[in-house]
Amino acid sequence: MSSPEFDNLATAQSSESASRIAADAELSRRIDAISKKQKRGGGVSFLGLLTVVFITLKLGGVIGWSWWWVLAPLWMPVVIPLALIAAVGIIYFLVKELSS
């Protein structure tokens, strides 16, 4: 026959088990949501790899480029769009001033 202590212990274990299952299910849902948000895989980008190759060649003495050009894959993606935005702004300003 079951005693009240055994029944209480069984109830506590089953509620603890249920809360673990719920926590595991919630964790699985969060992991799925994160993985769905990440469209592309991790790892090194092409420009990052190119930078590593250029640095290796520079330190190995294979190329004699300036460090500005060796590190160009890092700064060019920022400078080119900024230069294009500046050029468009200057052209817009000049056209606006000449038409006035």
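The values are calculated or read from the model by the stated rules, or taken from the named source; none is laboratory data. Here the structure is a predicted model, which means the values were calculated and not measured. Here the Cβ is made from the backbone with ideal geometry for all residues, glycine too, and neighbour counts use every protein chain on show.
Within the chain, which helices (runs of 4 or more DSSP H) (wholly inside it) include 3 or more residues that are among the aliphatic types (A, V, I, L, M) and modelled with pLDDT of 80 or more?
4-37, 46-59, 72-99
If a residue has to be of a type in the set (S, T, N, Q) and either surrounded by 13 or more Cβ atoms within 10 Å (Cβ to Cβ) or in contact (Cβ under 8 Å) with a residue 12 or more places away in the chain (or both) to count, how many in segment 58-74 make the cut?
Looking only at that region, the number is 0.
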